[in-house]
Amino acid sequence: DTEVTQTPKHLVMGMTNKKSLKCEQHMGHRAMYWYKQKAKKPPELMFVYSYEKLSINESVPSRFSPECPNSSLLNLHLHALQPEDSALYLCASSATRANEKLFFGSGTQLSVL
Amino acid sequence: AQSVTQLDSHVSVSEGTPVLLRCNYSSSYSPSLFWYVQHPNKGLQLLLKYTSAATLVKGINGFEAEFKKSETSFHLTKPSAHMSDAAEYFCVVTASGGYQKVTFGTGTKLQVIP
């Protein structure tokens, strides 16, 4: 199994809603990532988890809250988002943090109204 | 520090003709270089990876790339374009010697004309 699975594929939410994005991999990878991708732009790193611990937060606003319950799961909790947060949110994993190829999920297309 | 420059934001080729997508990089350390492909509304798929072994790297779907240290380049090529190759392509650099943030190029959109 070389897949990274993200749910939901599409999400529409209002600015007062609370929602969560989910990501799962069963490749035994110990590094997991959240990226944000705006249309026609490259992905931008948001968070890195290494061995279930948050190791990098790229100055992401607190309305985004990551969680790594175990080595296979990664969540991104969303609260009080703004319309400019609308984007494709990509989850990725790699064997370790150092210099490994990333396996990406298909993403969650988020629209904030 | 590291950076990656994709020299063309858009490339258009006819089906059956060669593809060349250009990528230049800079890195303070020995880099690892990757090419990823992204089809519309999809995640990114790894095409190939260079990690200081052979300088000519073969990937999936007939793509290959050549690492040229003297030119700091890692251009992606394919002998014959197929309609299914139409997508966005990202060149990515990471550095060895510990964790470095993965750096993406700005992407090249490949259009294949029938």
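The values are calculated or read from the model by the stated rules, or taken from the named source; none is laboratory data. What you see is a predicted model, and the numbers here were worked out from it, not measured in a lab. Cβ placement follows ideal geometry from the backbone for every residue including glycine, while neighbour counts extend to all protein chains displayed.
For the range B:1-75, which strands (runs of 3 or more DSSP E) that fit wholly inside it have 1 or more residues that are among the basic types (Lys, Arg)?
Of the strands (runs of 3 or more DSSP E) lying wholly inside the range B:1-75, those with at least 1 residues that are among the basic types (Lys, Arg) span B:44-50, B:56-58, B:64-68.
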**Item:** Single condition B:ALA53 does not satisfy, out of (1) within 14 Å of another protein chain (Cβ to nearest Cβ); (2) more than 21 Å from A:TRP34 (Cα to Cα); (3) aliphatic (A, V, I, L, M); (4) surrounded by 14 or more Cβ atoms within 10 Å (Cβ to Cβ)
**Value:** (4)
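Quick one: would you say B:SER28 is modelled with pLDDT under 90, out of contact with any His (no Cβ under 7 Å at 6 or more places or on another chain) and either more than 14 Å from every other protein chain (Cβ to nearest Cβ) or surrounded by fewer than 21 Cβ atoms within 10 Å (Cβ to Cβ) (or both)?
Details: modelled with pLDDT under 90: yes; out of contact with any His (no Cβ under 7 Å at 6 or more places or on another chain): yes; either more than 14 Å from every other protein chain (Cβ to nearest Cβ) or surrounded by fewer than 21 Cβ atoms within 10 Å (Cβ to Cβ) (or both): yes.
Considered against the rule, which asks whether it is modelled with pLDDT under 90, out of contact with any His (no Cβ under 7 Å at 6 or more places or on another chain) and either more than 14 Å from every other protein chain (Cβ to nearest Cβ) or surrounded by fewer than 21 Cβ atoms within 10 Å (Cβ to Cβ) (or both), B:SER28 comes out as yes.
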**Selected residue [in a strand (DSSP E or B) and of a type in the set (Ser, Thr, Tyr)] from A:SER111, A:SER106** = A:SER111
**Asked** What is the one condition in (1) more than 8 Å from chain A (Cβ to nearest Cβ); (2) surrounded by 17 or more Cβ atoms within 10 Å (Cβ to Cβ) that B:SER70 does not satisfy?
**Response** (2)
**Prompt:** When the range A:70-94 is examined, which residues are found to be aliphatic (A, V, I, L, M) and either surrounded by 15 or more Cβ atoms within 10 Å (Cβ to Cβ) or part of a strand (DSSP E or B) (or both)?
**Reply:** A:LEU73, A:LEU74, A:LEU76, A:LEU78, A:LEU81, A:ALA87, A:LEU88, A:LEU90, A:ALA92
**Message:** Suppose we filter the range A:1-46 for residues that are assigned to a strand (DSSP E or B) and over 17 Å from B:GLY43 (Cα atoms); how many remain?
**Reply:** 6
**Pair list, Cβ under 7 Å, 6 or more apart: the range A:99-113 residue in contact (Cβ under 8 Å) with a residue 24 or more places away in the chain and more than 7 Å from chain B (Cβ to nearest Cβ), other residue among the basic types (Lys, Arg) and surrounded by fewer than 19 Cβ atoms within 10 Å (Cβ to Cβ)** = A:THR108/A:LYS9
